[in-house]
Every structure is written in C-alpha cells, then in structure tokens.
Amino acid sequence: MEVVDNKVGVPMEHYKAVFAAADPEALSQRSCVPYADGKFSLTLLGRPVTVSWPEMESRFADDGTQTASNTRILLARLILEGTLVASAGKLLAYTDMPWGNVYAQQFRGRCILRLAGTYGSNLPGFDAAAARVAGVKADSGDRSYDLPFLEGLTVRLILWEGDEEFRAAAQILFSDNFSSAFSAEDIAVVGDVLLNAMKGRW
C-alpha cells in the first residue's frame, strides 16, 4: 500500500502541475529570477542551484545533488508567486513581517528555540556551521552571522550564550525585502532550510 506524504507529497504534485503550466519567461520577468536553457538559476546560502522547467527539479550546480523537498517547493513558490527586490537596508524580526504574527509561535518553536538549543552553549560549533553556509560575522548579541539565503535576501542569526543563571537565547532577523519574495508561512520554512543546511542537510 502506497503511503502519501500529505505534508510534502500533495503540495509537491500541486506545484509541479502549476509550474509546468506556467510560461517560464513570464515567471522569470515577474520574479526577477534568471531563466535560460530550461532552468531558473539562483544561489542558495552560497551554493548555485537550478530549478528546471517544466519538471520543477531543483539541483545544486556544484555537485548535481537534488535539494531537499521542502527547499524544492520553497524555490518553486518564489518563482511562481514572489519577486526578488532590493532591500532598503533594514532587518526585521519575524513578527514584524506582514502576517508574521499568525505563525509567530510556530516560528519560535521551529527556528528560534532550535537555534538557541543547538548552538547556545556551543559558539565554536555555531562558527563552523555558519561558515558552511557562507555566513559573514555581524555585530549583534554574543555571536551573530549574516547569511545570504538567496540573492539580496539576508538572514541574521543572533545568539546570546547561556550560563548557570540564564538560558541561551536567540533571534533571527530578515532583510526587509523577504516579504516580497515569500509569504509568512514560507519564511518559517526558510528558517528550517537554513538550520538544516548548517548541519550539512541540504
């Protein structure tokens, strides 16, 4: 008996159908994602990645491996529904994004608490993980890095180290143009994707 993964499988089939039916040149023009030779081209956390049309397959150009399924859907949703625009230079908390308060608790549990729990007492590990995803040191908290999620889209990860008196704490900020590229729900997936990539799970 075939088991259907409703969380990924059903959305995957839906977006594959929508993607295949769309005009790739029109998608490229609207989303500002370059398209040539049957592929959309992006750079995800320092690694070149392509999304093929009409198959909607996403692969890393450096080694040919496929991206994770949630990354594949996320990139397709950007191409189908989002637009890459320039940032005005501000960084925003998730709750400051349009409709971000709707998913605030989920984002806190899935991303912020996970970041603090994983690296709050392991700053050297945080340094190494950030280097894996092209992180550039920033000046916030006890340790912070700016990560190039996609072209022009920056995520800042901030840690405050825990001690005997206080638990480790974390914050995740997004460049102000994220809301043009992704919905609030998608931005929560962004957090999952980058935290997985920091552990080598692309």
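Read-outs: derived from the displayed coordinates by stated rules, not from any lab. Predicted model only: the values in this text are computed from it and were never measured. Ideal geometry is used to build each Cβ from the backbone, glycine not excepted, and the neighbour counts take in all protein chains shown.
Descriptive notes on the structure:
- Principal-axis tilt of helix 9-21 within the chain, Cα atoms, nearest 10 degrees: 50 degrees
- Fewest neighbouring Cβ atoms within 10 Å first, the residues 19, 126 line up as 19, 126.
- Annotation: the residues 189, 33, 136, sorted from fewest to most other C-beta atoms within 10 Å of their own C-beta, follow the order 136, 189, 33.
- Taking the longest Cα principal axis of the chain as reference, the axis of helix 184-198 is set at about 70 degrees.
- To the nearest ten degrees, helix 123-132 and the longest principal axis of the Cα atoms of the chain are 20 degrees apart.
- Exposure proxy ranking, count of Cβ atoms within 10 Å, fewest first, for 146, 96, 139: 139, 96, 146
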